[in-house]
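Shown next, in structure tokens, is the structure this report addresses.
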Amino acid sequence: MSLGRRVHITTLGCRLNEAESEEWAERFRDAGFRVVDANAPADLVVVNTCAVTQEAVRKSRGILRRSQRANPGARLVVSGCLATLGDGAICAEQGVDVIVANRDKDRLVAIALAALNLPVVSRTTATDVAGALFARGRQRAFIKIQDGCRYSCTFCITTLARGAEHSRPPAEIIGAVDRLVEQGIREAVLTGVHLGGYGSDLGSNLVDLVARILGETGIPRLRLGSLEPWDLGDAFWRLFEDPRLLPHLHLPLQSGSDRVLRRMARRCRTAEFASLVEQGRARVPDLNITTDIIVGFPGEDTEDWGRTLAFAESMRFGHIHAIAYSPRVGTRAAEMPSRIDSKTKRERLGALRDIGLRMRHAVLREQIGKPVEILCEGNPDGERRETRFGYTPNYLPVHVAAHEAAIDGNALVKVELTGLHDDGRALIGRPIGPRDQDAGTPG
């Protein structure tokens, strides 16, 4: 068939998948393709799948079927963890033309063009990565710096799906950040499977990389993706002396019971986690700590669960991503005895979410009266809006009243946090004008 030059990329799962998909979009544009959204017809569909849980597997398969129905004449390229762990099953899916395993993700565009016999159409203009992000209402760009993990938590399939740790060279990362800055991106997020393991294969480390990015690029705001709660020493905390490194860390706890953590083969116990959080808050003003907790892990008894609730509440998390455990074929935990029944998991999940919501409200209320700079979301189209939405440096959501002055998407705006939004899940911000700032910022 004669294939056109419209490509649609669908992404499931983690921020690392998002970062990879953004890179593919840039390379497809460089090869002469037009990247289109889900509502537009496509000639080529690329699906970046997830398989971290059985539910993720189900969603990935559903996306494949919907993609085929929406674009019956399109060629279909599948990658990601589901493609890597279930080649036979993916091949059986009707209409899949090319499968690219995780180990070959960096070459996906070249592999797809060669397999489908598609020529590269040279372009004379630079790829507009920023424009593509803004068109989807996104401001922050994800940058993949590392892949793979050296550890083997018993519930996690990622080690098998992603393989050994592999770090991207610092010069390549800095070049990627520079290109984003040139195109108007104001915030970048560093992502990886085991972010703290960056540089283990290069004789370097995450601290050195972040210091180079802050020292050698003009990125206004830099965030770190999910980071395992260990090996974060004094040099790590000193990085936050540069205000461009934003004060939010997502540190996966997984359980508040040391007995359960041992069964999970986690390297960090609760006392170590608490010490790390205490150290971070002492060193980094307004540091917001968010986390992941798995509910109903095999063998989690009533005492374990009580410890998890009490420990979680003591940590004052800004957000808890709570998920009920589901067995993942291929992991050690899937073979463990003493499964927790669905009713108990639902009850525990509800209790944890209630605690998480109370803590989030408390964290939000602590911010009221403070002056902050937020990055406004949305396409920078110059259109006047009654409100804008954005995030504080410590990643708390803010609704900004914009009726007094037009506020564009992708704008960095100074606001005073005046209260809680009606839904209680976000803050309200009032833009601070030059006169307010000259007189001393309120709060």
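The values are calculated or read from the model by the stated rules, or taken from the named source; none is laboratory data. Just so we're clear, the structure is a prediction, and the values are computed from it rather than from any experiment. So basically every Cβ, Gly included, is an ideal-geometry build from the backbone, and we count neighbours across all protein chains shown.
Structure summary
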{"item": "Residue in region 263-270 that is without any contact (Cβ under 8 Å) to a residue 12 or more places away in the chain, farther than 21 Å from Thr392 by Cα and not in a loop (DSSP other than H, G, I, E, B) present", "result": "no"}
{"item": "Residue within region 289-312 that is in contact with a Pro (Cβ under 9 Å, 6 or more places away or on another chain) and part of a loop (DSSP other than H, G, I, E, B) present", "result": "yes"}
{"item": "Test: residue in region 199-207 that is in contact (Cβ under 8 Å) with a residue 40 or more places away in the chain, surrounded by fewer than 19 Cβ atoms within 10 Å (Cβ to Cβ) and within 30 Å of Leu261 (Cα to Cα)", "result": "yes"}
{"item": "From the options Leu261, Leu190, residue that is buried (at least 20 other Cβ atoms within 10 Å of the Cβ) and in the same structural domain as Glu313 (by TED's automatic domain parsing)", "result": "Leu261"}
{"item": "Failed item, numbered, when Arg27 is tested on (1) free of Cβ contacts under 8 Å to residues at least 12 places away in the same chain; (2) of a type outside the set (A, V, I, L, M); (3) surrounded by 15 or more Cβ atoms within 10 Å (Cβ to Cβ)", "result": "(1)"}
{"item": "Test result for Leu214, modelled with pLDDT of 90 or more and in contact with an Asp or Glu (Cβ under 8 Å, 6 or more places away or on another chain)", "result": "yes"}
{"item": "Odd one out for Glu55 among (1) at pLDDT 80 or above; (2) in a helix (DSSP H, G or I)", "result": "(1)"}
{"item": "Among the residues listed as Arg107, Arg123, the single one being assigned by TED's automatic domain parsing to the domain that holds Ala51, more than 21 Å from the chain's Cα centre (by Cα), closer than 28 Å to Val77 by Cβ and at pLDDT below 90", "result": "Arg107"}
{"item": "Subset of region 208-231 (residues that are without any contact (Cβ under 8 Å) to a residue 60 or more places away in the chain and either outside the structural domain of Ile145 (by TED's automatic domain parsing) or over 30 Å from Ala265 (Cα atoms) (or both))", "result": "Ala211, Arg212, Ile213, Leu214, Gly215, Glu216, Thr217, Gly218, Ile219, Leu222"}
{"item": "Selection from region 195-207 of residues that are part of a helix (DSSP H, G or I) and touching a helix residue (DSSP H, G or I) at 6+ places or on another chain (Cβ under 7 Å)", "result": "Leu195, Gly196, Leu206, Val207"}
{"item": "Selected residue (only one of Leu251, Leu276, Leu239, Leu287 is farther than 27 Å from His361 by Cα, surrounded by fewer than 22 Cβ atoms within 10 Å (Cβ to Cβ) and at pLDDT 95 or above)", "result": "Leu239"}
{"item": "Condition check for Arg15: free of Cβ contacts under 8 Å to residues at least 24 places away in the same chain and within 22 Å of the chain's Cα centre (by Cα)", "result": "no"}
{"item": "Test: residue in region 127-136 that is modelled with pLDDT of 75 or more, in a loop (DSSP other than H, G, I, E, B) and in contact with a Lys or Arg (Cβ under 7 Å, 6 or more places away or on another chain)", "result": "no"}
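Here's the yes/no breakdown for (1) within 24 Å of the chain's Cα centre (by Cα); (2) modelled with pLDDT of 90 or more; (3) under 25 Å from Ala401 (Cα atoms):
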| residue | (1), (2), (3) |
| --- | --- |
| Val329 | no, no, no |
| Lys343 | no, yes, no |
| Glu347 | no, yes, no |
| Met359 | yes, yes, no |
| Gln367 | yes, yes, yes |
| Lys370 | no, yes, yes |
| Cys376 | yes, no, yes |
| Asn379 | yes, no, yes |
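Residues checked against (1) in a loop (DSSP other than H, G, I, E, B); (2) more than 30 Å from Phe297 (Cβ to Cβ):
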| position | (1), (2) |
| --- | --- |
| Leu209 | no, yes |
| Gly215 | no, yes |
| Gly218 | yes, yes |
| Arg223 | no, no |
| Pro229 | yes, no |
| Trp237 | no, yes |
| Leu249 | no, no |
| Leu261 | no, no |
